[in-house]
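The values are calculated or read from the model by the stated rules, or taken from the named source; none is laboratory data. Since this is a predicted model, take the numbers as computed values, not measurements. As a convention, Cβ positions derive from the backbone with ideal geometry for all residues, glycine included, and neighbour counts pool all protein chains shown. Heavy atoms of the whole protein, side chains included, go into the accessibility calculation; ligands, DNA and RNA do not. Shrake-Rupley method; radii C 1.70, N 1.55, O 1.52, S 1.80 Å.
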Amino acid sequence: MKKDIILCGVGGQGILSIATIIGQAATEAGLYLKQAEVHGMSQRGGDVQSNLRLSTEPIYSDLIPKGKVDLIVSMEPMEALRYLPYLAADGVVVTNSKNFVNIPNYPDATAIEAELKALPHAVLLDIEDLAQQTHNPKGANMVLLGKVAAHLGILSADQLRNAVARIFQRKGEAVVESNLKAFDLGLNA
Amino acid sequence: MEKRLLLGDEAIALGAIHAGLSGVYAYPGTPSTEITEFIQSNPLALERNIHSRWSTNEKTAMEAALGMSYAGKRALVCMKHVGMNVCADAFVNSAVTGVNGGLVVLAADDPSMHSSQNEQDSRFYGKFAMIPIFEPSNQQEAYDMMSAAFELSESLKLPVLMRVVTRLAHSRAAVEIKEAAAENGLNPDTDRHWVLLPGIARKQYLLLVEKQKDMLKAAEASKYNVLNKITGKKTGIIACGIAYNYVCEAVGPNVPIVKISQYPLPEDKIRELASVCDELIVFEDGQPVVENDIRGLLGANYCVKGRLTGDLPRTGELDPDNVAKALGVAAELSFGTAKNLANRPPQLCNGCGHRDVYTALNKVAAEYPNHRIFGDIGCYTLGALPPFQSLASCVDMGASITMAKGAADAGLFPSIAVIGDSTFTHSGMTGLLDAVNENSNITVVISDNLTTGMTGGQDSAGTNKFEAICLGLGVAPEHVRVVVPLPKNMDEITRIIREEIEYKGVSVIIPRRECMQTLQRHLREKKNK
Ligand SMILES: Cc1ncc(C[n+]2csc(CCOP(=O)(O)OP(=O)(O)O)c2C)c(N)n1
């Protein structure tokens, strides 16, 4: 079994933490993994993405070929659209529904929503709104990860949940709790 | 066997530590920065007191590493590809002196220019200096090759170049870890062949030429160069470094192929593959280095395909898609490009001092329709994009000051340079001395955010020394002006810029305020204490 994932968003939205947690869970589960990140220029308010490949068999390429992505996970709706050519016919898009507008020519928000909803498998969720409910606005990416858990397949929600706890362990009990709460909100949304 | 999830850069760093490294010398540059940062925080490296402090530029790094090698210890130099241009003098001559302790030079190339101004291929430098080159195809090889590279360096008494590309440097995979080897003891060379006077250099150069056959032998026998001789197929594949993965992704490993990860080219293996195929296709990330060489090797009558024949794109990085297409196995796409999409270029952070610098410069410059502002390399290069669009140029580190000088020599007025603090100490100081010596009519803005921002906030070599440096170079004290770039100081800043433009000579304005990213990091660190 294999799962090819594109994680994307705008620099500073925390997509690399999502990648780290899925990576931790995959390593604990004994899966093969490759994760290509973008560092450097694109971190400041620009688009960022990471290719994450999980498999029970060895993986060759660090990059995912076009048309082969099983899952696009996006912290921002227009950013989800950027990687459409990579999506497989039965691929799933899980994205934050809240627009991040920091460019003058940002497209019409309702048109973006409509284009996403026209896809065969798209899940839109206002993760920032849900994160507010846990009084942890920075936990929006964990809400999204919770939502992803239902679509990942190769790892269970419990395996991901354990990885969340493990990654935040160093930062203390309270931080672990609030991130798990955010994760569960996404999972059950 | 312990396994760790490592970035390509981290695998290189850990591989070097475990190979008995005594010092890494580097100037930051994407995609190489994480190598040195890993060593700076690795427990074993700290325990062994392995040198890992940033150097002022790639040339000082290269020379210090050569000094450590002279003293008998293993040293690593890391840089992004364009850093090779900066250290080229020391690099090329280190092949003529040869080494004592193992010396590995790591160049991280950036095909597709994800965060660079060109896509030069460092393998040219390796060939130019006539030294062995390693090019790992994955993270495990990157780790393992560090020991192999140091051993080869010490056995041939030559520096070894290791070349990686962005996609390996910045991709994570599990790596099997070995025991750490001990460091070399202090053992300074006693021979005089390090004194490259012409008489000695001629002998050393002959020696280097003689070593070529040993290098070839090593590459021919290398376990990293693998021939899979499958007969009965028309096309044979040559795959260098990371390109091997894209080929395997497309058609699997059971094809007629030579995988190449160590140079000089294993000529026998390539000839053998050519003898059982009708044509070869070359996959290499970067420029068509190997494609050209193989054409020479096999002669004009043998068909060699690649970037030069249009079978692969002439520019940009390889990826699984263009490789699959060249092999005739491109996938059908289910979705086209989205309709509701816009580019999202990087931006200066909110509250960044460079913003206030450009606001002020634009305000004053508007009073001088013939003005030009020559830019340099760093976060502040984003001042070339909207909303500021202030910059006329950005070429290489340090070029702002010297281009402003040359343009002023030609009669341009006002001729203004904007340069960051780290870029200034990297390559701006010498140019400023030129300008001072001729009292050129330029205004230099050193936008000092107290860090090397673009590459993630590393220490900047000149912090707290800029006024002293400028005065030491001979800038008149009354024309070294320090301001705090904040909106509330806009009147003062614009007044000072105007005064210094009007001064007919060299003036330096230093807007100084900490980078927003490092400020937040420092606040977090304080809170966590
Ligand atoms: C020869 C060379 N080495 C390294 C780099 C990578 N690099 C680009 S900008 C930069 C640092 C710029 O720092 P600074 O001048 O302080 O400006 P800031 O980004 O902090 O605004 C570095 C290291 C490069 N482009 N060229």
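In table form, for the structure just shown:
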{"quantity": "Residues within region B:490-513 that are crowded, with 17+ Cβ neighbours inside 10 Å and either more than 13 Å from residue B:445 (Cα to Cα) or within 16 Å of the ligand (Cβ to nearest atom) (or both), tallied", "calculated": "6"}
{"quantity": "Every residue from region B:30-59 that is over 21 Å from residue A:38 (Cα atoms) and within 13 Å of the ligand (Cβ to nearest atom)", "calculated": "B:54, B:55, B:56, B:57, B:58, B:59"}
{"quantity": "Among residues of region A:37-53, those that are open to solvent by less than 20 Å² (accessible area, probe 1.4 Å) and within 14 Å of the chain's Cα centre (by Cα), counted", "calculated": "6"}
{"quantity": "Region B:35-51, residues that are open to solvent by 20 Å² or more (accessible area, probe 1.4 Å) and within 22 Å of residue B:91 (Cα to Cα)", "calculated": "B:51"}
{"quantity": "In region A:110-145, the residues that are over 14 Å from residue B:340 (Cα atoms) and among the charged types (D, E, K, R)", "calculated": "A:126, A:128, A:129, A:138"}
{"quantity": "Meets criteria (touching a helix residue (DSSP H, G or I) at 6+ places or on another chain (Cβ under 7 Å) and small (Gly, Ala, Ser)) for residue B:65", "calculated": "no"}
{"quantity": "Among the residues listed as A:185, A:116, the single one being of a type outside the set (Lys, Arg), away from chain B (no Cβ under 14 Å), surrounded by 19 or more Cβ atoms within 10 Å (Cβ to Cβ) and not in a loop (DSSP other than H, G, I, E, B)", "calculated": "A:185"}
{"quantity": "From B:201, B:142, B:173, residue being open to solvent by less than 30 Å² (accessible area, probe 1.4 Å) and over 28 Å from residue B:17 (Cβ atoms)", "calculated": "B:201"}
{"quantity": "Identity of the residue in region B:356-382, open to solvent by less than 30 Å² (accessible area, probe 1.4 Å) and of a type in the set (Asp, Glu), that ends up farthest from the ligand (Cβ to nearest atom)", "calculated": "B:356"}
{"quantity": "All positions within region B:377-399 that are touching a helix residue (DSSP H, G or I) at 6+ places or on another chain (Cβ under 9 Å) and in contact (Cβ under 8 Å) with a residue 40 or more places away in the chain", "calculated": "B:377, B:378, B:379, B:380, B:394, B:395, B:396, B:397"}
{"quantity": "Residue within region B:108-120 that is within 19 Å of residue B:264 (Cα to Cα) and outside any strand (DSSP E or B) present", "calculated": "yes"}
{"quantity": "Spans of helices (runs of 4 or more DSSP H) in region B:1-102 with at least 2 residues closer than 22 Å to residue B:463 by Cβ and not β-branched (Val, Ile, Thr)", "calculated": "B:33-41, B:58-70"}
{"quantity": "Any hit, region B:344-355, residues being in a strand (DSSP E or B), more than 7 Å from chain A (Cβ to nearest Cβ) and open to solvent by less than 50 Å² (accessible area, probe 1.4 Å)", "calculated": "no"}
{"quantity": "Selection from region B:64-100 of residues that are more than 16 Å from the chain's Cα centre (by Cα), farther than 24 Å from residue B:147 by Cβ and either buried (at least 19 other Cβ atoms within 10 Å of the Cβ) or within 13 Å of the ligand (Cβ to nearest atom) (or both)", "calculated": "B:96"}
{"quantity": "Count of residues meeting criterion [open to solvent by 50 Å² or more (accessible area, probe 1.4 Å) and touching a residue at least 60 places away in the same chain (Cβ under 8 Å)] in region B:306-324", "calculated": "1"}
{"quantity": "Residue ranges of strands (runs of 3 or more DSSP E) in region A:1-90 with at least 1 members among the basic types (Lys, Arg) and more than 7 Å from chain B (Cβ to nearest Cβ)", "calculated": "A:2-10, A:47-55"}
{"quantity": "Every residue from region B:165-217 that is assigned to a helix (DSSP H, G or I) and either of a type in the set (Asp, Glu) or not assigned by TED's automatic domain parsing to the domain that holds residue B:115 (or both)", "calculated": "B:210, B:214"}
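Here is a yes/no grid of residues against (1) under 30 Å from residue B:99 (Cβ atoms); (2) open to solvent by less than 40 Å² (accessible area, probe 1.4 Å); (3) touching a Phe, Trp or Tyr at 6+ places or on another chain (Cβ under 6 Å):
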| residue | (1), (2), (3) |
| --- | --- |
| B:190 | yes, no, no |
| B:195 | yes, no, no |
| B:209 | yes, no, no |
| B:213 | yes, no, no |
| B:224 | yes, yes, no |
| B:242 | yes, yes, no |
| B:251 | no, no, no |
| B:270 | yes, yes, no |
| B:275 | no, no, no |
